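The values are calculated or read from the model by the stated rules, or taken from the named source; none is laboratory data. Small disclaimer: the values here were computed from a predicted structure and weren't measured. All Cβ positions, glycine included, derive from the backbone under ideal geometry; neighbour counts span all protein chains shown. The area values use the complete protein model at the heavy-atom level, side chains included, leaving out ligands, DNA and RNA. Shrake-Rupley method; radii C 1.70, N 1.55, O 1.52, S 1.80 Å.
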Amino acid sequence: MRRWTSFDPGRRGFLGAGLLAAGGAALSAGNASGQSAHGAGHPAPPSTGTTGKADHRAAHGAMITVGDVDNERNGFDPTAMLTDWDMGTVSTLPDGRTLRTFEVAAEDKEIEIAPGVMFPAWTFNGRVPGPALRAKEGERLRIVFRNNGSHPHSMHFHGIHAARMDGIPGAGLINPGEEFVYEFDAKPFGCHLYHCHALPLARHIHKGMYGLFVIDPDPARHPDQANVARSRLRGTPENAEWQELAMVMNAFDTTFDGENEFYACNTIAHCYAKKPIKILRDRPVRIYLVNVTEFDPINSFHLHANFFDYFDQGTTLTPTSKTVDLIVQCQAQRGILEFSFKDHEPGLYMFHAHQSEFTELGWMGMFDVVEVLS
């Protein structure tokens with residue numbers, strides 16, 4: 001998918017040519033047409049002297065994509081993705097247990113991953129990442145998977161299940177036009193993921209076939225930590241206190257040379273830099289974070305001006321790391337981050353990968369900490 005450019009289209013070419021910088025001719029053209037670097041239809045934020053908040057356009061040396069992605073054309077919005085949990089449909093089995101059913105379809109779809117940059121994705125339910133599936137520990141799960149794409153696909157769940165439900169060749173890998181039903185118990189509790197396990201694996205994952213898979217703990221199974229378990233169980237009063245966010249770190253090789261040109265959280269480069277995530281200062285934050293970046297050995301998450309507790313894999317109710325501001329994840333590694341801004345003043349607080357190149361190529365955002373949501 002080579003574009004007609006006069007410079008190296010690889011990621012270092014993008015950096016060297018300044019395509020990602022909100023400056024130079026691109027910014028001048030935008031201003032001339034009445035469009036700020038913040039994007040069409042979005043006013044530029046006030047200066048620091050007026051509000052005490054940093055101008056997020058300049059917060060990383062103005063190293064940011066120019067313009068806006070058309071979320072409506074994409075069919076998904078990275079801001080909505082943060083809280084858009086797919087809870088499936090619930091029914092009761094003859095033995096009284098809960099059956100939670102999800103419907104997922106593979107689909108070929110061209111998506112816009114940065115302003116003006118299209119990518120020929122393979123998707124689950126028309127989005128990248130796929131739907132964030134969420135269930136409760138001990139429930140019976142049924143996932144009806146249909147392959148509406150042009151290649152063989154599957155769903156491999158990071159969890160505990162029978163070999164015949166593993167989503168590999170001979171166990172749930174299906175051809176275009178076919179359907180397969182995965183069925184297993186929801187265990188263990190934690191922050192997991194699913195992805196296609198067709199070969200070549202790197203291609204199917206890189207093209208967009210992955211998503212979050214969260215199993216909330218059942219408080220009745222953890223009496224010694226029932227209050228903590230209830231805080232993670234969606235629908236409880238304890239859980240309602242938390243501001244929960246679904247974040248998938250990913251990247252895209254637009255030239256198909258085995259090297260990524262764009263990095264992101266939830267697919268769209270610099271989306272949370274241009275539209276910071278609103279956070280209420282007096283309520284704690286919980287992030288379900290997974291890394292599915294292909295072609296790089298690790299990715300990372302760094303929070304500015306604050307520290308968090310980290311639960312690696314999310315399979316414990318006590319932190320595996322306490323009071324840290326940076327974690328690294330290899331591909332498919334995931335975990336839960338918990339923190340609070342209650343002792344902070346309102347303002348814009350940055351988060352990003354701590355590989356600087358990833359940051360400049362799209363993986364950077366802001367939390368907009370406020371007293372009340374407007």
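Assorted remarks:
- At the residue level, His354 shows approximately 100 square angstrom of accessible surface with a 1.4 angstrom probe and all protein chains present.
- Taking region 176-237 and dividing mean pair separation by its residue count, relative contact order in percent (alpha carbons under 8 Å, at least six apart): 27
- Ranked by how many other beta carbons lie within 10 Å on average, peptides 325-333, 140-148 from highest: 140-148, 325-333
- Area projected by the alpha carbon convex hull of region 334-374, averaged over all directions, nm²: 4.3
- Accessible area per residue (1.4 Å probe, heavy atoms of protein chains only) ranks Ile336, Ile160 as Ile160, Ile336, with the largest value leading.
- With Rh defined as the Kirkwood radius, the inverse of the mean 1/r over Cα pairs, the Rg/Rh of region 156-277 is 1.05.
- The largest accessible area among Arg134, Arg97 belongs to the first residue in Arg97, Arg134, and the rest follow in falling order (1.4 Å probe, all chains).
- Where Met63, Met366 fall by accessible area, highest first, once all protein chains stay in place (1.4 Å): Met63, Met366
- Rounded if a/c under 1.5, otherwise prolate or oblate - region 212-269, Cα gyration tensor axes: prolate
- Ignoring lysines fewer than eight residues from Lys109 along the same chain, the ones with Cα atoms less than 22 angstrom from its Cα are Lys207.
- Within a straight-line Cα-Cα reach of under 21 Å, Lys187 can be paired with the following lysines, leaving aside sequence neighbours fewer than 8 residues apart in one chain: Lys136.
- Partner aspartates and glutamates whose Cα lies under 14 Å from the Cα of Lys342, excluding those fewer than 8 positions away in the same chain, are identified as Glu241, Asp282, Asp368, Glu371.
- All C-alpha to C-alpha distances of region 65-213, sorted into 10 Å bins beginning at zero, yield P(r) values of 11, 40, 33, 13, 3, 0 percent in whole numbers.
- Evaluated with a Cβ-only charge set (Lys, Arg +1; Asp, Glu -1), region 167-265 carries a dipole of roughly 160 debye about its Cα centre, given to the nearest 20.
- Mean accessible surface per residue for region 230-288, computed with a 1.4 Å probe while every protein chain stays in place, in Å²: 29
- What a 1.4 Å probe finds exposed on region 164-209 is 55% carbon and sulfur by accessible area, rounded to a whole percent.
- Residue-level accessible surface for Trp242, protein heavy atoms, 1.4 Å, Å²: 50
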